[in-house]
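Asker: Please read through the structure below; I'll follow up with questions.
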Amino acid sequence: MILKRISILNYKNLEQVELDFSPKINCFIGQNGMGKTNLLDAVYYLSFCKSASNPIDSQNIRHGEEFFVVQGFYELEDGTPEEIYCGLKRRQKKQFKRNKKEYPRLADHIGFIPLIMVSPADSDLIAGGSEERRRFMDVVISQYDREYLEALLRYNKALQQRNTLLKQEEEPDSELLDVWEEMMAETGETVYRKRAEFIHEFIPIFQSFYSYISQDREQVGLTYRSHAQRGALIDVIRESRPKDRIMGYSLHGIHKDELDMQLGDYPIKREGSQGQNKTYLIALKLAQFNFLKRTGSRTLPILLLDDIFDKLDASRVEQIVKLVAGDSFGQIFITDTNRDYLDQILKKTEQNYRLFTIADGSVTNITGEEKES
């Protein structure tokens, strides 16, 4: 899948942007706060029906405006054109269309344009709470497994309903609790099984990327923990009901799953340097890319690299660039603040590229090289 052109109106600080892209490497240069990340976020929005950084849609509308529109014009590997449209007016429901036909549900679009984003916000995967690591699994698996997404949505609905009953001052209806607990158990078992299968296959891919980038300087690990590993999930949930009633929410279930991230034999959260943490996160995301490419996706995912070179030594940057510029990766979008540094990297890739500058939300195409594929 290639994003050939994007049209943006009033998205964050981007007032009006029309850009044509290289099928391989597209780089955006500018100081912080100028709009580089916002442009990548617009590309992200076209894949996931939401912003990567702000879940409140109305706050993504440019200040002083009443709407935003983002349109992407794509091309499949066989040359088939695809047009994706997203529009939002204040106080109205957003519209999402494929080839001018509106989706009945936004969930029907997820996975059509597979995309991986690597950004400074990924540091929350290591430093943040367990919900960040569950979201990482959800984003990957939902892009290739429709059954997983449906089970996760139903589980979350049942969890919300059970928590509402647990919060009641009067004693909740036990039969109603049974209904929601049964739905949690049924859908939770599906989510657990698919997460466990994913992590089992994902770990060696992730470790391989880390070893390549670090040139085997460190060893890393990843371990999945879930309440579903204790036995039948329905039993685990029901045994916890008296304590859950006291607390007013559900203490057990797949909504408490965790990924333990290790550097050697210790938690990377505690032991990792800034460079090691960043290498770990980039390896996770490149493995995510590789996994999506291998699990039935009919197209190479788009890769967004937002300010990833900061805190990395030259040798690790060199290894990353070798990886993403190779034939295993498709279209790439990169942001950076240092044009001279990026120019040196681009010349080594021997790939098609376009270079843009961004200042105060205005984007200019300053150079590009078209090479034979």
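Asker: With the alpha-carbon atoms as the only input, what is the per residue convex hull volume for the chain in Å³? Present the calculation step by step, with values, prior to reporting the outcome.
Answerer: Numbers: hull volume 56.7 nm³, N = 373.
Dividing the Cα hull volume of the chain by its residues yields 152 Å³.
Asker: Determine the dipole magnitude for the range 210-280: charges of +1 sit on the beta-carbon of Lys and Arg, -1 on that of Asp and Glu, nothing else is charged, the reference point is the Cα centre, and the result goes in debye to the nearest 20.
Answerer: Details: 11 positive and 10 negative charges, 73 e Å.
The dipole of the range 210-280 has a size of about 360 debye.
Asker: Run the reach check for residue 167 against aspartates and glutamates, Cα to Cα strictly under 13 Å, same-chain hits fewer than 8 apart removed. What comes back?
Answerer: List returned: 244.
Asker: Could you tell me which of 246, 172, 200 has its Cα farthest along the dipole of the range 162-258 towards the positive end, charges placed at Cβ (Lys, Arg +1; Asp, Glu -1), taken about the Cα centre?
Answerer: 200
Asker: Another question, then. Can you order the peptides 261-267, 68-74, 118-124 by their average number of other Cβ atoms within 10 Å per residue, highest first? Walk me through the numbers before you get to the answer.
Answerer: On the way: 261-267: 14.7, 68-74: 20.4, 118-124: 17.7.
Output ranking for 261-267, 68-74, 118-124: 68-74, 118-124, 261-267.
Asker: Run the numbers on the range 224-267 and let me know its relative contact order in percent, using alpha-carbon pairs under 8 Å that are six or more apart. Let's see the in-between values first.
Answerer: On the way: 38 pairs, mean separation 21.1, N = 44.
Reported relative contact order: 48 percent.
Asker: Additional query: Quick one: if the Förster radius is 22 Å, what FRET efficiency do residue 200 and residue 313 give, using the C-beta to C-beta distance and rounding to 0.05? Display every interim value, and only then the final one.
Answerer: On the way: r = 32 Å, r/R0 = 1.45.
Efficiency at R0 = 22 Å is approximately 0.10.
Asker: Non-local amide H neighbours of residue 302 (under 5 Å, H modeled in plane, Pro and chain starts lacking H): which ones?
Answerer: 115, 116
Asker: Residue 367 versus residue 269, label points 7 Å from Cα toward the beta carbon: distance in nm?
Answerer: 4.3 nm
Asker: State which entries of 94/347; 12/285; 4/348 exceed 32 angstrom in Cα-Cα distance in the structure shown.
Answerer: Values: 94/347 41 Å; 12/285 25 Å; 4/348 24 Å.
In this structure, 94/347 lie more than 32 Å apart at Cα.
Asker: Between residue 66 and residue 235, what length in nm is gained on full extension when 0.36 nm per residue of separation is reduced by their alpha carbon distance?
Answerer: On the way: separation 169, 0.36 × 169 = 60.84 nm, distance 5.05 nm.
This chain segment gains 55.8 nm when fully extended.
Asker: Please compute the Kirkwood hydrodynamic radius of the range 11-60 from all pairs of different C-alpha atoms, in Å with one decimal.
Answerer: Values: mean 1/r = 0.0835 Å⁻¹.
That comes to 12.0 Å for the range 11-60.
Asker: Let me ask another. For each pair in 157/243; 194/322; 93/256; 24/269, compute the distance between the two Cα atoms and list the pairs where it is over 26 Å.
Answerer: Values: 157/243 21 Å; 194/322 32 Å; 93/256 31 Å; 24/269 34 Å.
Distance filter (> 26 Å) returns 194/322; 93/256; 24/269.
Asker: Could you give the size of the charge dipole of the chain about its Cα centre, using +1 on the Cβ of each K and R and -1 on the Cβ of each D and E, expressed in debye and rounded to the nearest 20? Working shown, then result.
Answerer: Working: 51 positive and 58 negative charges, 85 e Å.
Dipole of the chain, to the nearest 20 debye: 400 debye.
Asker: Could you calculate the contour length gain from residue 347 to residue 123, that is, 0.36 nm times the residue separation minus the distance between their Cα atoms, to one decimal place in nm? Mind dumping the intermediate values first?
Answerer: Details: separation 224, 0.36 × 224 = 80.64 nm, distance 2.94 nm.
Using 0.36 nm per residue and subtracting the Cα-Cα distance, I get 77.7 nm.
Asker: Right, next: Go through 280, 291, 160 and say which Cα lies farthest out towards the positive end of the charge dipole of the range 128-295; charges sit on Cβ, +1 for Lys and Arg, -1 for Asp and Glu.
Answerer: Value computed over the given set: 280.
Asker: Calculate the FRET efficiency for residue 245 and residue 175 from the Cβ-Cβ distance with a Förster distance of 25 Å, rounded to the nearest 0.05. Display every interim value, and only then the final one.
Answerer: Values: r = 15 Å, r/R0 = 0.61.
Plugging the Cβ-Cβ distance into 1/(1 + (r/R0)^6) gives 0.95.
Asker: Tell me, 317, 220 in order of fewest to most beta-carbon neighbours within 10 Å? Spell out each step's value before the answer.
Answerer: Working: 317 16, 220 22.
Neighbour counts put them in this order, fewest first: 317, 220.
Asker: Rounded to the nearest 0.05, what FRET efficiency do residue 93 and residue 15 have when you use their Cβ-Cβ distance and R0 = 22 Å?
Answerer: Values: r = 24 Å, r/R0 = 1.08.
So, using R0 = 22 Å, E works out to roughly 0.40.
Asker: Only Cα pairs under 8 Å and at least 6 apart count here; give the relative contact order of the chain as a rounded whole percent. List each step's numbers first, then the result.
Answerer: Working: 665 pairs, mean separation 91.6, N = 373.
In percent, rounded to a whole number, it is 25.
Coordinate-derived values only; no laboratory data. The model shown is predicted, which means the values in this text are computed figures rather than measured ones. Cβ sites come from the backbone with ideal geometry, for glycine too, and all protein chains shown count toward neighbours.
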